[in-house]
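Notes follow the structure.
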Amino acid sequence: AALRRPVGRAAREVLPDCADEFVLVLDAATGRSDATHPQHAYLASLPAGSQSASTFSKAARRLLKGTALGDRVERERREVRAAIGDLLPQLREARPDLFGELSAADVRWAREMVVTRAFRAEILNNEGGACGVLCPLLDLRNHADGAAEATPRASDGYVRLCAPGIEVGAEIVTNYGEVSNADHLMSHGFALRGSRHETFALSVASGIFDICPAGGDDQFPWGLYESFASSPEVILDARALVLQAFRRNEDRVRLEPETRIVLTAILRACRKAVGPFDATCRRDKALLAPPGPE
């Protein structure tokens with residue numbers, strides 16, 4: 001519907017190459033203050049902002065300084081400012097009747113609502129382009145790892161709130177994606193305790209490698225071993241030792257000198273890389289700890 005309304009048609013005329021999602025952003029930005037907009041009541045009821053890491057307060061973003069997530073946040077903020085600064089003046093000049101009162105802050109707010117709340121067009125059987133769909137009520141559901149659905153589908157004119165089989169009284173949840181807490185923070189502003197989808201980037205020997213949770217075959221990627229090891233045999237021995245350490249197998253693998261050198265180098269690099277992360281964890285635990293006696 002956003003593509004067919006006056007704002008959507010005007011945006012297409014002025015900016016023929018703009019993405020469908022940007023049209024939905026403009027429709028939401030104008031509809032929030034336009035009482036005649038069909039979804040005005042819904043748009044006016046949405047939160048004021050700070051729903052994702054890139055729109056957190058300056059004080060909160062300062063806590064991320066020097067981290068990979070902090071770099072992502074600042075990069076996204078720069079890109080959004082540049083895009084709005086380029087496109088909005090063109091819209092105002094061409095159609096002041098529709099966009100003359102629209103501010104950059106309005107567009108940033110609407111973009112955040114679309115990023116954090118819009119569903120894929122599959123919900124409407126892909127009708128209406130690729131701009132996404134804003135759905136009152138459906139967007140109130142929280143995320144749960146392993147939930148059965150990520151995007152509900154239209155069926156016989158109805159949209160299902162949840163997958164079949166949910167127990168009476170249980171919370172209705174959905175799945176925002178099996179991704180890391182960094183991705184959840186970027187898209188929806190939350191993090192999960194005990195997430196099983198965490199990685200961190202380790203820079204070794206001019207390469208960037210994703211280190212995965214402990215205990216799996218992919219704990220260290222093959223390319224990381226190759227950065228240190230001289231032969232496949234050494235790599236296989238090193239991987240066997242890593243798995244043995246996490247699984248505490250009774251069968252011990254003999255530690256050859258070259259294998260010891262490789263593992264020592266990898267673990268030292270990892271220890272150095274996770275130092276800032278450990279410091280952040282200690283700080284977070286201190287902030288979350290209950291206050292002591294006065």
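Assorted remarks:
- Counting residues in the stretch 132-146 that are in contact with a Lys or Arg (Cβ under 8 Å, 6 or more places away or on another chain), in a strand (DSSP E or B), among the aliphatic types (A, V, I, L, M) and modelled with pLDDT of 85 or more gives zero.
- When Val23 is tested against (1) at pLDDT below 90; (2) touching a Cys at 6+ places or on another chain (Cβ under 6 Å), only condition (1) is not met.
- Ser33 meets each of the listed conditions (1) more than 26 Å from the chain's Cα centre (by Cα); (2) within 19 Å of Asp86 (Cβ to Cβ) apart from (2).
- Candidates are the residues of the stretch 52-71 that are under 21 Å from Lys272 (Cα atoms), touching a residue at least 24 places away in the same chain (Cβ under 8 Å) and within 14 Å of the chain's Cα centre (by Cα); the one that is surrounded by the most Cβ atoms within 10 Å (Cβ to Cβ) is Leu69.
- Single match in Asp17, Asp27, Asp71 (criterion: over 30 Å from Thr280 (Cβ atoms) and part of a helix (DSSP H, G or I)): Asp27
- For first residues located in the stretch 18-29 and more than 8 Å from Gly8 (Cβ to Cβ), partners that are open to solvent by 10 Å² or more (accessible area, probe 1.4 Å) and assigned to a helix (DSSP H, G or I) and lie 6+ apart or on another chain with Cβ distances below 8 Å form the pairs Cys18/Arg12; Cys18/Leu87; Phe22/Leu87; Val25/Arg111; Ala29/Asp106; Ala29/Trp109.
- Flag for Ala41 being over 18 Å from Arg111 (Cβ atoms), in a loop (DSSP other than H, G, I, E, B) and out of contact with any Lys or Arg (no Cβ under 7 Å at 6 or more places or on another chain): no
- Complete set of residues in the stretch 1-14 that are outside any helix (DSSP H, G or I) and of a type in the set (Gly, Ala, Ser): Ala1, Ala2
The values are calculated or read from the model by the stated rules, or taken from the named source; none is laboratory data. Everything quoted here is computed from the prediction, not taken from an experiment. Cβ: placed from backbone, ideal geometry, glycine included. Neighbour counts: every protein chain shown. We work out accessible area using only protein heavy atoms, side chains counted, and drop any ligands, DNA or RNA first. Shrake-Rupley method; radii C 1.70, N 1.55, O 1.52, S 1.80 Å.
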